[in-house]
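The values are calculated or read from the model by the stated rules, or taken from the named source; none is laboratory data. Just so we're clear, the structure is a prediction, and the values are computed from it rather than from any experiment. Glycine also receives a Cβ, built like all others from the backbone with ideal geometry; neighbour counts cover every protein chain displayed. Ligands, DNA and RNA are excluded from the accessible area calculation, which covers all protein heavy atoms including side chains. Shrake-Rupley method; radii C 1.70, N 1.55, O 1.52, S 1.80 Å.
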Amino acid sequence: MDFEYSQYVPEDFHASSRVWIYQSNRLFTISEALQIEDLLKQFLAEWKTHGEPVKGYANLLFGQFIVFMADITTGGGVSGCSTDSSVRVIKEVEKMFGVDMFNRQNLAFVVKEKVQVLPMAQLNYAIENRFIEAHTPYFNNLVSTKEEWLHQWLKPVKESWLSTKIPALQTV
């Protein structure tokens, strides 16, 4: 699978545009992905902040990540209520498809050309047994701007925040 994603990042959004990434605990089926696509289109058509339309973007990437982006340089930015409305969409996806989109203890890596989700509690074991190595691509879902999304979302484990949290990584 090709994990190049920059072609999915809209060029007409400011670099400081706000980004939220939600990771599913499993890959969505084609049928589910099509339903999610419709749900995201409907949400974008209605996404507002203080009554004004949000310049927004939403997409399902790699069959497992839902990304929202709002250009905060246009209009009034993005209010708490408009952010809450995107969270409601994710909760709806969870309910519709029986997935977990909010568990930040689930980490995603690219292993053998596939997205592999691993609970944080199993990370040291995976590193010690070389399932995850320093150069293994990691999805850093903590990115919060378009600029960060473009340059820091998918990066080697050794260049991520995980490198300081995992003693086993220092010896591998």
- Does any residue of the stretch 76-84 turn out to be in contact with a helix residue (DSSP H, G or I) (Cβ under 7 Å, 6 or more places away or on another chain) and either more than 19 Å from Leu154 (Cβ to Cβ) or not β-branched (Val, Ile, Thr) (or both)? no
- Query: Residues that are open to solvent by 20 Å² or more (accessible area, probe 1.4 Å) and closer than 30 Å to Tyr57 by Cβ: which helices (runs of 4 or more DSSP H) entirely in the stretch 88-172 hold 2 or more of them?
  - Reply: 146-152
- Restricting the stretch 1-27 to residues that are outside any loop (DSSP other than H, G, I, E, B) and within 20 Å of Ser86 (Cα to Cα), the one most open to solvent (accessible area, probe 1.4 Å) turns out to be Tyr8
